[in-house]
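Comments concern the structure below.
What follows draws every value from the coordinates through simple rules; no lab data is involved. Everything numeric here is computed off the predicted structure, so don't read it as measured data. Don't worry about glycine lacking a Cβ; one is built from the backbone with ideal geometry, like all the others, and counts go over all protein chains shown.
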Amino acid sequence: MSESTAASEAPLRPGRRKAKAASAAARRSESATDELGRRAVELSRFYGGKIETVPKVPVRSLHDFSLWYSPGVAEVSRAIHREPDLSFELTGRWNTVAIVTDGSRVLGLGDIGPVAALPVMEGKALLFKFLGGVNAVPVPIRVASPDQLMSTVEALAPAFGGINLEDIASPKCFGILEELSKRLEIPVWHDDQLGTAAATVAGLLNALALTHRTVRESRTVLLGAGAANIATARLLLALGHDPHRLSLVDHKGILDAERHDVDELMLRNPWKYRLALKTNGGGRSGDLAAALDGADVLVAASTPTPGAVRPEHVRAMAKDPIVFALANPDPEIWPDEARAAGAAIVATGRSDFSNQVNNSLVFPAVFRGVLDARARSIPDEIVLAAARELARGAERRGLSAHHILPTMEEPEVFPEVAAAVGDAAVRLGIARHRLSHDEFLERARTLMGRSARLVRALARSGLTSPMPRAPSSRRRAA
Amino acid sequence: MTPDESAAAPDATPAKPPTAPIHLRPAREADIPTIVPLLLRLKRLNEEFDPLLKVREDAEAQARQVLRQQIADPKAVVLAAEGIGPDIGKVVGYVRAIVRERPFYAPDFEGVILDIYLLPLYRRRGVGEFLLQEVSAALKAKGAGIVTAEFPAQNEIAGRFYTKRGFRPVTAIQARSL
């Protein structure tokens, strides 16, 4: 494993050329992103959105309606009325989640509101179905306060087996997730916190192993103290990371217990406040450079500001540092730049570089697992179980500096993660369905595999129209 | 009573008996440079609760002057909390209170807690409880028959701190801009 690390470092000595290549990559990615955007609008118009509901039962003739609907269905309702948990067996509730957003922090677009968030939630629903075999319903809601959001979700809960909160601004997202997890008897997840944190931790576990480090002994810097890194910090501490070797850094510098804004945080962002007290800056105060001096790990998940991390920052880190630059679309530092400055392992949020820290590696499998276990909630132990299994998944194919996480092309990992999640729910005593590991695995494989077959079958039969080609003028330009 | 004369209670839980990881003593003139930043932190926290508690541009100079005067004033109590262990000798919190006459009510004198501030790492360790007991005793020794505390009406943390310890709202102060 150290061999592959060394191999990946070898060709990276000529730093200047690489830095130039990085800015070229930035320009390339910009024009590619523009083209993808135009194409997405065209196709969204052509297909009129991305998802639809499809009956899953035969309709041999209209007479069957008396089974699927009135009068037959009344008996199904009576049964559920007598025993509400039967809703998980007699309806699709067991496999249906709501994707709830208030549109307050959509991608990097900010507070664009619920309607504009709809295409993103549709896309998420597509990923849920395709990757996880989960029926997901986009539910962007117009609400005036976190309380209203929570009472709305509570009111919606009877229709769903789980709730995926999406693109809700920090810090209100923390309180909303905590409170809804308490109030609801179905699993609640906020992907911007937990999905990103789980993928990050999975990648870190392998990166640490590759560089002969342990969580306990590492000095880690988290740049950005939003949804993802607050959750990542919590998970790292749960894994035994020494709080005094963990520094959170935001645009005001290292978050320590005596920073001038700490009382304001106590009122406005108690989650960040608690980390300020617990880590106390990892024993440091000052700016990012002060935090990174001698650090083993940097996880940057900040508001996208290209150049937020500079090569000299990486050079000041410990030998063979680990650098995760997760801002999208432009990472805080380009991978080539980071490697030229000595980074042994680099990860980003992008699919066009190796080591993509990608929520899609996590949320479909986590929901597959908690839905199959019919879990009551998703405690951090489950998030960590998913992260560990994801890390093992990458390990099975062989770890290297360029392979610390499975890619989306390694779908065999996802049912394993789902099964690990199901096992964890059983172990924690929050599973209503206590299946064995093999049962969870088999079920996940079947349900996750079915969606891809379904999509292919629809395309083959012509029920899904073939994708129209881009206008030829643009094809030449691109 | 001005907005400046407000106290926010630290986020503390009762501990009995108080086992405060601090050393409490009367503040001296030499403490002023270390107490001023703490006082300003408290006033800026108060500002978070209400725009009518906006901290003045010259608050720092004011703080120095008020502290100098009250440290010398026999009718005022200013206590400095020093840390222990690695923070030994460092002022990590303070209390400021005055004795005020009540011309129409009995008892004749009230001890008014204006400020209690503790750095975050010293909160939730019973220190606030200890400070309250100590300042109450000092005010009683100066003739106060009751003890009151002033803090922003919206500061629920302070409100809970005091009501848990037997305080209740007595006088309400409402404000509007002119």
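Values for this structure:
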| quantity | calculated |
| --- | --- |
| For segment A:49-186: relative contact order, % (alpha-carbon pairs under 8 angstrom, 6 or more apart) | 27 percent |
| Kirkwood-based shape ratio for segment A:288-358, expressed as Rg/Rh from alpha carbons | 0.92 |
| Among A:PRO243, A:ALA227, A:ILE176 - extreme Cα towards positive end, dipole of segment A:151-266, charges at beta-carbon | A:PRO243 |
| Rounded to 10°, Cα long-axis angle of helix A:413-427 versus longest principal axis of chain A | 80 degrees |
| Rounded tilt (10° steps) of A:196-210 against the dominant C-alpha axis of chain A | 50 degrees |
| For chain B: relative contact order, % (alpha-carbon pairs under 8 angstrom, 6 or more apart) | 33 percent |
| Size-normalised alpha-carbon gyration radius of the protein assembly as shown, reference 2.2 N^0.38 Å | 1.14 |
| Pairwise label distance in nanometres, B:GLN69 with A:LEU109, each label 7 Å out on the Cα-Cβ vector | 5.7 nm |
| Hull shadow area, averaged, segment A:94-138 [alpha-carbon convex hull, nm²] | 3.0 nm² |
| Cα-derived Rg to Rh of segment A:279-400, Kirkwood definition | 1.03 |
| Cα Rg, Dmax, segment A:49-186, angstrom units | 17.0, 53 |
| Kirkwood estimate for segment A:399-445, i.e. one over the average of 1/r between Cα atoms, Å | 11.7 Å |
| Karplus (6.51, -1.76, 1.60) ³J(HN,Hα), θ = phi - 60°, over segment A:211-219, in Hz, Gly and Pro reported as x | 9, 6, 10, 10, 4, 4, 9, 7, 9 |
| Cα-based helix-to-principal-axis angle, A:380-397 vs chain A, degrees rounded to 10 | 70 degrees |
| Cα-based shape type of segment A:329-387, given that a ≥ b ≥ c are square roots of the gyration tensor eigenvalues and the cut on a/c is 1.5 | prolate |
| Ratio of Rg to Rh over segment B:80-151 (Cα coordinates, Kirkwood Rh, two decimals) | 1.07 |
| Segment A:232-293-segment A:82-130 distance, computed between alpha-carbon centres (Å) | 32 Å |
| Largest-first principal axis extents, alpha carbons of segment A:232-305, Å | 32, 28, 24 |
| Amide proton proximity set for B:LYS164, modelled H, under 5 Å, gap of 5+ | none |
| Orientation-averaged projected area, Cα convex hull of chain B (nm²) | 10.4 nm² |
| Mean separation of Cα contacts under 8 Å, 6 or more apart, over the residue count of segment A:349-478: relative contact order % | 28 percent |
| R0 of 41 Å, Cβ-Cβ distance A:LEU267-A:ALA40: FRET efficiency to nearest 0.05 | 0.50 |
